[in-house]
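The values are calculated or read from the model by the stated rules, or taken from the named source; none is laboratory data. Predicted model, so just to flag it, every value in this text is computed and none were measured. Cβ placement follows ideal geometry from the backbone for every residue including glycine, while neighbour counts extend to all protein chains displayed.
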Amino acid sequence: MPRLRHSFRDGPAFDAFLVLLALGYLLVLSAFPLVYNLILSFQDVDLFTLASFDRPFVGWRNYAEVLGALVAPGIFANTALFVALSLLFQVTIGFGLALLFDLRFPGARWLRGLFLAGWIMPGLVVGAVWSWILAGDFGVLNHLLRTLGMIDGRIFWLSDPDMALYSVIIANVWLGIPFNMILLSVGLAAIPDDLYEAAALDGATRLQRFRTITLPLMRAQLGAVIALGVIFTLQQFDLFAALTQGGPSNASNVLQYWSWQMSFQEYRIGHGAVVSVLMILFVVLVAAVYVRSTRQDHAV
Amino acid sequence: MTEPQIELHGIQKHYGAFHALRDVSLTVPAGRFVALVGPSGCGKSTLLRVLAGLETIAAGRIRIAGRDVTHLPPRLRDLAMVFQSYALYPHLTVEQNLTYALRLRGVPRAECRRRAEEIAAITGLQSLLGRYPRELSGGQRQRVAMGRAIIREPRAFLFDEPLSNLDAALRVQMRSEIRKLHDRLGATSVYVTHDQIEAMTMADTVVVMRAGRIEQEGPPLALYDRPANRFVAGFIGSPAMNFLPGEIAPDGRHVRLALPGDPVLALGSRRLDAGRQVTVGLRPEHLVPAEDGSGQMTLSVALVEQTGSASMLVTATDPALTVAVARRLDLRPGDPIRLSVDPSCIHLFDSVTEQALSPEVMC
């Protein structure tokens with residue numbers, strides 16, 4: 001008996017306990033919802049069958065219905081555009097700011113810290129702030145553009161079908177820049193100064209140093225912010241809820257918001273689950289590419 | 001061979017309130033190997049970086065091969081530098097590291113390949129061209145850094161403490177390799193080190209710096225034999241010179257040492273003001289144990305270190321004297337020892353200004 005107690009305190013039994021604890025957490029809180037979601041996507045679920053496990057399996061019917069829906073092509077295209085443009089501007093502007101703060105001017109560290117203020121705000125708050133900025137009648141953005149003489153009338157950023165998606169993208173880019181900047185700043189700080197000095201003595205101009213030293217050595221960090229950016233952008237929900245609710249008439253709707261609409265507004269839970277499953281597959285693919293690309297990385 | 005390759009005139013450098021270089025002027029003739037040496041913070045690395053163009057200066061001119069480069073960026077100065085950390089490009093192979101500068105200049109691929117192989121043969125890197133820096137040992141990285149410098153055939157080589165990250169045995173080996181390479185290439189080199197042995201063994205000219213100023217420059221043995229001041233005397237030589245207070249005797253031709261028994265040493269042909277307070281400098285190897293009971297002072301031994309071929313003694317006096325003898329001595333702590341000094345081996349410094357008095361002494 002004391003032996004068992006010892007084993008549990010400091011031995012194989014304790015190790016097993018730790019492993020089971022972690023596995024149990026994963027099973028209950030990660031694996032179960034994932035598998036349950038997968039099962040839902042093959043079942044006919046409505047409000048009446050929601051509470052029971054005994055639901056008719058319908059094979060690929062939910063998938064066919066979701067992919068065949070009239071709005072599906074538009075929403076897929078919106079999602080692709082939302083992810084691509086958000087990432088493009090988040091990463092380039094974030095990288096640009098990281099390079100700026102890497103010049104170490106007076107107060108650089110302090111100012112860089114302030115940039116994080118936007119990132120730590122809740123998405124719904126950011127959405128509310130941007131809905132005021134973007135408001136068609138009295139928004140600051142329209143006022144600014146008109147004062148500068150860039151537009152004559154008003155742009156109805158949130159209710160114009162041609163503008164709605166771009167409005168959310170603008171807000172999302174703003175939200176994502178600090179995260180990109182901080183992660184890339186850390187990467188830039190890890191590049192030793194003497195590499196740049198050696199390159200300068202070797203005859204490299206500032207641009208050549210950026211191209212032959214900075215970019216290759218930032219490969220891993222850039223890969224990380226792009227992969228994480230894809231994942232975060234596909235998780236972006238609050239801004240759509242706060243700004244456009246996917247409207248007008250799905251002009252700014254994206255997969256993650258559509259999935260929520262189907263599941264929790266229209267109670268077509270099987271259809272909502274299909275969209276989640278497709279997004280999970282895509283994110284896993286992105287993560288796999290990221291892990292592969294960092295494995296070949298050359299550590300400094 | 002003797003026209004100046006590098007000329008520095010009146011260089012001033014500040015880091016905020018810290019005056020890093022104070023009116024430094026230095027001329028390096030073509031083909032010369034010059035070592036900048038001094039304690040940390042003396043400005044030697046700063047001077048090298050100023051020369052490379054990595055630091056701006058408040059005043060002064062820099063000329064390389066007759067061309068004023070004071071306001072040119074590093075890439076237009078045509079200098080190669082070997083860094084203390086080697087600063088190899090971690091994402092490039094050895095061959096790509098070697099040819100980086102050539103590829104920037106648009107040298108064709110085949111020519112780059114040929115030059116890389118040539119340099120690899122000189123530096124012993126033939127089998128390592130495809131490796132990445134992280135796959136190399138410290139000595140191999142050092143060689144890549146050297147190869148990357150010589151492949152460009154620059155106007156001069158700058159070395160910033162290149163051996164300080166190597167272990168002692170490899171350091172001694174690389175010391176002679178660097179010097180051989182310098183001679184073989186007929187290069188002009190400026191070499192920064194805090195290690196005076198490195199400076200003494202490698203350089204044609206040693207420049208001793210302290211607190212942003214050049215204290216003395218000259219051939220290694222000239223600095224050893226005729227230090228211009230107490231600082232240089234103490235910095236050059238290992239074990240370091242002994243210093244003790246003394247007073248010139250009434251006849252002006254002897255000095256009385258502040259040691260037990262008030263020993264008096266003859267100064268040879270030198271004559272100084274009677275009663276003058278001086279600092280006497282005696283190198284450990286110039287304190288010679290007297291066999292036959294002669295000798296000028298009798299001191300008590302505090303410590304004996306035997307290395308097999310040589311002995312080192314420390315005397316039980318204040319200040320303690322170090323005595324180096326190139327043979328074995330059968331002495332124990334507490335034993336008395338009689339020592340004598342050749343008059344021409346006595347260094348004298350003004351006790352206030354610390355400048356050498358009658359530095360013509362030769363030993």
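Among what's in segment A:179-200 and is β-branched (Val, Ile, Thr) and in a helix (DSSP H, G or I), pick the residue that is nearest to the chain's Cα centre (by Cα). Reasoning before the result, please.
Taking segment A:179-200 first, the residues β-branched (Val, Ile, Thr) are A:182, A:186, A:191.
Keeping just the survivors that are in a helix (DSSP H, G or I) gives A:182, A:186.
Numbers: A:Ile182: 16, A:Val186: 20 Å.
Once the filter is applied, the top-ranked residue is A:Ile182.
Please work out if B:Thr188 is in contact with a Lys or Arg (Cβ under 7 Å, 6 or more places away or on another chain), of a type in the set (Ser, Thr, Tyr) and assigned by the TED database to the domain that holds B:Tyr100.
Numbers: in contact with a Lys or Arg (Cβ under 7 Å, 6 or more places away or on another chain): yes; of a type in the set (Ser, Thr, Tyr): yes; assigned by the TED database to the domain that holds B:Tyr100: yes.
Answer is yes for this residue.
Which of the residues spanning segment A:202-247 are within 10 Å of another protein chain (Cβ to nearest Cβ) and among the acidic types (Asp, Glu)?
Residue satisfying the conditions is A:Asp202 alone.
Going by what's in this entry, would B:Gln277 be described as in contact with an Asp or Glu (Cβ under 8 Å, 6 or more places away or on another chain) and surrounded by fewer than 16 Cβ atoms within 10 Å (Cβ to Cβ)?
Numbers: in contact with an Asp or Glu (Cβ under 8 Å, 6 or more places away or on another chain): yes; surrounded by fewer than 16 Cβ atoms within 10 Å (Cβ to Cβ): yes.
The answer is yes for B:Gln277.
Out of everything in segment B:147-164 that is more than 9 Å from chain A (Cβ to nearest Cβ) and either assigned to a loop (DSSP other than H, G, I, E, B) or over 24 Å from the mean Cα position of the chain (by Cα) (or both), what residue ends up being surrounded by the fewest Cβ atoms within 10 Å (Cβ to Cβ)?
My answer is B:Glu153.
Tell me which residues, restricted to segment B:56-91, are in a loop (DSSP other than H, G, I, E, B), of a type outside the set (A, V, I, L, M) and within 13 Å of chain A (Cβ to nearest Cβ).
B:Pro73, B:Arg77, B:Asp78, B:Phe83, B:Gln84, B:Ser85, B:Tyr86, B:Tyr89, B:Pro90, B:His91
How many of the residues in segment A:240-287 are touching a residue at least 40 places away in the same chain (Cβ under 8 Å), part of a loop (DSSP other than H, G, I, E, B) and over 16 Å from A:Leu40 (Cβ atoms)?
Qualifying residue count, segment A:240-287: 9.
Give the number of residues within segment A:99-137 that are aliphatic (A, V, I, L, M), within 22 Å of A:Phe156 (Cβ to Cβ) and in a loop (DSSP other than H, G, I, E, B).
2
B:Leu272 is checked against (1) in a strand (DSSP E or B); (2) in contact with a Gly (Cβ under 7 Å, 6 or more places away or on another chain) and fails just one. What number does that condition carry?
Among (1) in a strand (DSSP E or B); (2) in contact with a Gly (Cβ under 7 Å, 6 or more places away or on another chain), the lone unmet condition for B:Leu272 is (1).
Please find, among B:Arg115, B:Arg105, the residue that is of a type outside the set (Gly, Ala, Ser), under 23 Å from B:Arg77 (Cα atoms) and in contact (Cβ under 8 Å) with a residue 24 or more places away in the chain. Break it down stepwise before answering.
Numbers: B:Arg105 fails: in contact (Cβ under 8 Å) with a residue 24 or more places away in the chain.
The unique qualifying residue is B:Arg115.
Taking into account only those residues within segment B:325-363 that are on the phi > 0 side of the Ramachandran plot and out of contact with any strand residue (DSSP E or B) (no Cβ under 6 Å at 6 or more places or on another chain), which is modelled with the lowest pLDDT?
Pass one, segment B:325-363, residues on the phi > 0 side of the Ramachandran plot: B:334, B:354, B:358.
Those left that are additionally out of contact with any strand residue (DSSP E or B) (no Cβ under 6 Å at 6 or more places or on another chain): B:334, B:358.
Details: B:Gly334: 90, B:Ser358: 72.
Residue satisfying both the conditions and the ranking: B:Ser358.
Scanning segment A:139-155 for residues that are hydrophobic (A, V, I, L, M, F, W, C) and modelled with pLDDT of 85 or more, which turns out farthest from the chain's Cα centre (by Cα)? Before you say what the answer is, go through the steps one by one.
Our first condition is that a residue be hydrophobic (A, V, I, L, M, F, W, C); within segment A:139-155, this holds for A:140-141, A:144-145, A:148, A:150-151, A:155.
The next check asks that each one be modelled with pLDDT of 85 or more; those that pass are A:140-141, A:144-145, A:148.
Working: A:Val140: 27, A:Leu141: 25, A:Leu144: 29, A:Leu145: 29, A:Leu148: 33 Å.
Restricting to residues being hydrophobic (A, V, I, L, M, F, W, C) and modelled with pLDDT of 85 or more, the top hit is A:Leu148.
Please enumerate the residues belonging to segment A:219-241 that are more than 17 Å from A:Phe89 (Cβ to Cβ) and surrounded by 21 or more Cβ atoms within 10 Å (Cβ to Cβ).
Correct list: A:Gln221, A:Phe240.
Would you mind telling me which numbered condition in (1) of a type in the set (D, E, K, R); (2) in a helix (DSSP H, G or I); (3) in contact with a Gly (Cβ under 6 Å, 6 or more places away or on another chain) B:Arg49 fails?
(3)
Tally up the residues in segment A:188-200 that are more than 7 Å from chain B (Cβ to nearest Cβ) and without any contact (Cβ under 8 Å) to a residue 60 or more places away in the chain, please.
3
Restricting the search to segment B:303-324, which residues are surrounded by fewer than 15 Cβ atoms within 10 Å (Cβ to Cβ) and part of a strand (DSSP E or B)?
Selection gives B:Leu303, B:Glu305, B:Gln306.
For B:Ser294, all conditions in the list (1) on the phi > 0 side of the Ramachandran plot; (2) over 28 Å from the mean Cα position of the chain (by Cα); (3) among the polar types (S, T, N, Q) hold save one; what is the number of the exception?
Tallying (1) on the phi > 0 side of the Ramachandran plot; (2) over 28 Å from the mean Cα position of the chain (by Cα); (3) among the polar types (S, T, N, Q), B:Ser294 fails exactly one: (1).
Based on this model, can you work out whether A:Gly176 counts as in contact with a Ser or Thr (Cβ under 9 Å, 6 or more places away or on another chain), under 28 Å from A:Ile133 (Cα atoms) and in a helix (DSSP H, G or I)?
Yes: the conditions hold for A:Gly176.
Only one of these is surrounded by fewer than 20 Cβ atoms within 10 Å (Cβ to Cβ) and on the phi > 0 side of the Ramachandran plot: B:Gly53, B:Gly43, B:Gly60. Name it. Don't jump to the end; show me each part of the working.
Details: B:Gly53 fails: surrounded by fewer than 20 Cβ atoms within 10 Å (Cβ to Cβ); B:Gly43 fails: surrounded by fewer than 20 Cβ atoms within 10 Å (Cβ to Cβ).
It is B:Gly60.
Can you tell me which residue within segment B:92-131, out of those that are over 18 Å from A:Tyr196 (Cα atoms) and not in a helix (DSSP H, G or I), is nearest to the chain's Cα centre (by Cα)?
Residues of segment B:92-131 that are over 18 Å from A:Tyr196 (Cα atoms), as a first pass: B:95, B:106-131.
Applying the additional criterion that residues be not in a helix (DSSP H, G or I) yields B:106-108, B:124-125, B:129-131.
Values: B:Gly106: 39, B:Val107: 38, B:Pro108: 41, B:Gly124: 27, B:Leu125: 29, B:Leu129: 33, B:Gly130: 36, B:Arg131: 34 Å.
For segment B:92-131, the residue satisfying everything is B:Gly124.
Given the criteria surrounded by fewer than 19 Cβ atoms within 10 Å (Cβ to Cβ) and touching a residue at least 24 places away in the same chain (Cβ under 8 Å), does B:Ala199 qualify?
Details: surrounded by fewer than 19 Cβ atoms within 10 Å (Cβ to Cβ): no; touching a residue at least 24 places away in the same chain (Cβ under 8 Å): yes.
The answer is no for B:Ala199.
Looking at segment B:92-122 only, could you name the residues that are more than 7 Å from every other protein chain (Cβ to nearest Cβ) and hydrophobic (A, V, I, L, M, F, W, C)? Steps first, answer last, please.
Start the filter on segment B:92-122 by keeping residues that are more than 7 Å from every other protein chain (Cβ to nearest Cβ), which leaves B:92-99, B:102-103, B:106-122.
Answer for segment B:92-122, where residues must be more than 7 Å from every other protein chain (Cβ to nearest Cβ) and hydrophobic (A, V, I, L, M, F, W, C): B:Leu92, B:Val94, B:Leu98, B:Leu102, B:Val107, B:Ala110, B:Cys112, B:Ala116, B:Ile119, B:Ala120, B:Ala121, B:Ile122.
When you scan segment B:190-244 for helices (runs of 4 or more DSSP H) that lie fully inside it, which ones turn up with 3 or more residues that are among the small types (Gly, Ala, Ser) and under 25 Å from B:Ile64 (Cβ atoms)?
Working: elements: B:196-202, B:220-225, B:230-235.
Once the helices (runs of 4 or more DSSP H) in segment B:190-244 are filtered for at least 3 residues that are among the small types (Gly, Ala, Ser) and under 25 Å from B:Ile64 (Cβ atoms), nothing remains.
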